[in-house]
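See below for the structure under consideration.
The values are calculated or read from the model by the stated rules, or taken from the named source; none is laboratory data. All values derive from a computational prediction rather than experimental measurement. Counting neighbours? That spans all protein chains shown, and the Cβs are built from the backbone with ideal geometry, glycine included.
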Amino acid sequence: MYNSLHSQLKIFNYCIRKKNFWILLATDIALIIAAHSCAYLLRFPGEFYTATVNYPFTATLPLLIAVKIPVFYAFGLYRGMWRYTSLNDLLNIIKATSISFLIIVAGILFVNRFNGYPRSIFFLDAILTFLLISGHRVAIRLFYQKVAGSRTLVASRHHEGKKRLLLIGAGDAAEQIIRETQSNPVLPYTIVGLVDDNPAKIGLKIHNIPVLGLVDDLDEHCIRVHAEELLIAIAALTGTQMKRLNDICRQTRIEYKVLPGLGELIDGRATIKAMRDISYKDLLGRKEIQLNQDEIGNFLTGKTILITGAGGSIGSELCRQIIRYQPAKLLLFDAGEENLYAIQMELEHELNFTSCLPILGKIQNFNLISTIFAHHKPEIIFHAAAYKHVPLIELNPWEAIFNNIKGSQCLVEAAIIHNIERFVLVSSDKAVRPTNVMGASKRLSEMIMLACTKEKWDGTLTRATPAQKTHNTIFQAVRFGNVLGSSGSVIPLFKRQIELGGPVTITDPNITRYFMSIEEATRLIIQAGAMGKGGEIFLLKMGEPIKIDKMARDLIRLAGRVPDTEITIKYIGLRPGEKLYEELITEGEGIIPTHHKKIMVLRGNGKTYTEINSHILKLKERAKAFDGEGIKKLMKELIPEYQPGKPET
């Protein structure tokens, strides 16, 4: 209570030192007097100067000022920047006027039961006070917007050097864009019209900009208003809707862009400055992920968190998402100097998060990991470091053993020794019935994790430390498919091939993959991490699989080219270890839903850590000898569902 009162006094002291405060206060007093005078003139025309009318007027006026000004201040009417008057400000004026009206009426009723005071005067006074006070604020905004501030009346009629922009969509996002364009002269656009799918909106105006007609007639409207650029100003679109609008815009042969979804914008508002070219992610049409903020906040806030592979596509996005929950410290672990430096600079200088420590090293270096754990005491580990390129790992299988398997084993054992609170393994759909070494190595990483759950832990450690019969670390994995724009995604390759004029190479016309955006994947990893109790493999619902052939053709069209004519498509056959389609679960694995509609969970039984470790020791020997066939044979013994060198046909 004391702190609140002290804070209000500080604000009041600051306000009274400002010249604008006194000007606005004097203006409001004058408007209160004017409103009360007008109320009497309306109620008693021609009798205002008679003693019968003049006495209650002069007797009441000081009371009105004494009540209304403090109430206006209490509702923040002297703390706003009135050049930015909004509906919320007008609502505050309504509240302040209503409260002051009730106080005045109650006071007069208590003192003399309205003896000699006409009741209708106070109703008229309240209405006129609202109209004059709000009208004054709106006039200030119009003055700054149209005349003296960011825009002049002359400039509003002349738009030399600015592109003529036509908006697709006549909803809330379009209204915000028009408002910002009209108030910001720096933006290089003048909006000449809108189109919408709703026929009822035709002929209506938003901030004096007309709705010209239907979206289907876009080409005709572009010619009519001489549009030079188009903007899809709709905040939430499905993939099907975006594909339709993309096709319609492409037929106009005019440059077009899209407004990002509201979830992509930091301040939650659509803005013309964020307009960009349409990407494949827009055509995918994935819905915004709803997260349990309280659950994640309890999971991450104030914790020391280590992220392996922090410079990679998934690891770096995990960093960006996690800092929103105010962790105490972020330990950035990566083997790549350039990527590690890039994410550190982004966090510190762009996202203003300075409680991060870059650690350059390899996850298979147990002594380094153990030293880091002992010194910095991380509470949560997100293990995203791994080799992911299927054909490269198929040609160099020993690297999967050194990095994916040995690295995961080092981290898991260090987590147990140093009593890490929670360990989250970032896995892959390629771990399901693997046909390649990369997928098999991810499946073996899952098996290591499952064998180390509290219920199954048999106390075996390969490091020079006493065996621990029990531990409290929660181990869990998150399994999902391909990520748009990640280092392992095919999309950057397709874009590069299109830029070079083709051909675009596809392994098979029927090959399919699951896709989600990096942002969606990392949010669900964090949500699943907060939900785990130990020993779970969480599956992210990926939607329907997408044909790579169709994706390539859509990307060619997005680039303004025609598939098969301007850009040829070449089928080159499945590469070693590549599957025709991906799965998220192995036959026989029982999955159950969770309280989050996009996350499922399965519990694996698996082998004991002693059994797994005996095979891993043999794998390491084969890897040191660079024996690819020996590695695949040992993996087959450990993972019966692994079918090396047999891609789906």
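Brief remarks on what is shown
- Residues of the stretch 508-566 that turn out to be hydroxyl-bearing (Ser, Thr, Tyr), surrounded by fewer than 22 Cβ atoms within 10 Å (Cβ to Cβ) and over 16 Å from residue 490 (Cβ atoms), as a count: 1
- So residue 415, is it at pLDDT below 90 and either within 26 Å of residue 374 (Cα to Cα) or of a type in the set (Gly, Ala, Ser) (or both): no
- Flag if residue 649 is outside the structural domain of residue 518 (by TED's automatic domain parsing), farther than 14 Å from residue 436 by Cα, of a type in the set (S, T, N, Q) and modelled with pLDDT of 75 or more: no
- Under the condition of being aliphatic (A, V, I, L, M) and over 25 Å from residue 140 (Cα atoms), the residues counted in the stretch 87-107 number 5.
- Search result, residues across the stretch 237-254 that are outside any helix (DSSP H, G or I) and within 21 Å of residue 551 (Cα to Cα): 237, 238
- Exclusive hit being surrounded by 17 or more Cβ atoms within 10 Å (Cβ to Cβ) and in contact with an Asp or Glu (Cβ under 8 Å, 6 or more places away or on another chain), set 385, 400: 385
- Filtered by the rule that a residue be over 33 Å from the mean Cα position of the chain (by Cα), farther than 21 Å from residue 322 by Cβ and either outside the structural domain of residue 448 (by TED's automatic domain parsing) or in a helix (DSSP H, G or I) (or both), the stretch 365-391 gives 366, 367, 368, 370, 371, 374.
- Restricted to strands (runs of 3 or more DSSP E) entirely inside the stretch 500-569, those with at least 3 residues that are closer than 21 Å to residue 430 by Cβ are 515-517, 536-540.
- Residue pairs whose Cβ atoms lie under 7 Å apart, sitting 6 or more positions apart in sequence or on different chains, and linking a residue in the stretch 182-211 that is charged (D, E, K, R) to a partner that is surrounded by 13 or more Cβ atoms within 10 Å (Cβ to Cβ) and not in a strand (DSSP E or B), are 196/169; 196/170; 196/215; 197/215; 201/170.
- When each of 453, 435 is tested for being in the same structural domain as residue 609 (by TED's automatic domain parsing), under 18 Å from residue 575 (Cα atoms), in contact (Cβ under 8 Å) with a residue 12 or more places away in the chain and not in a helix (DSSP H, G or I), the lone residue that passes is 435.
- Candidates are the residues of the stretch 119-132 that are surrounded by fewer than 18 Cβ atoms within 10 Å (Cβ to Cβ) and at pLDDT below 85; the one that is nearest to residue 44 (Cα to Cα) is 120.
- Of the residues making up the stretch 61-82, those that are surrounded by fewer than 16 Cβ atoms within 10 Å (Cβ to Cβ) and either modelled with pLDDT of 80 or more or in a helix (DSSP H, G or I) (or both) number 7.
- Residues satisfying the stated conditions in the stretch 377-391, i.e. under 14 Å from residue 440 (Cα atoms) and not β-branched (Val, Ile, Thr): 386, 387, 388, 389, 391
- Scanning the stretch 350-368 for residues that are touching a Gly at 6+ places or on another chain (Cβ under 8 Å) and within 19 Å of residue 620 (Cα to Cα) gives 362, 363, 364.
- Any hit, the stretch 133-146, residues being among the basic types (Lys, Arg) and at pLDDT 80 or above: no
- When residues of the stretch 255-282 are limited to those that are in a loop (DSSP other than H, G, I, E, B) and over 26 Å from residue 514 (Cα atoms), the one modelled with the highest pLDDT: 275
- Count - residues of the stretch 213-236 that are free of Cβ contacts under 8 Å to residues at least 40 places away in the same chain and part of a strand (DSSP E or B): 2
- In the stretch 468-487, the qualifying residues are those that are of a type in the set (S, T, N, Q) and modelled with pLDDT under 70, and the one that is surrounded by the most Cβ atoms within 10 Å (Cβ to Cβ) is 486.
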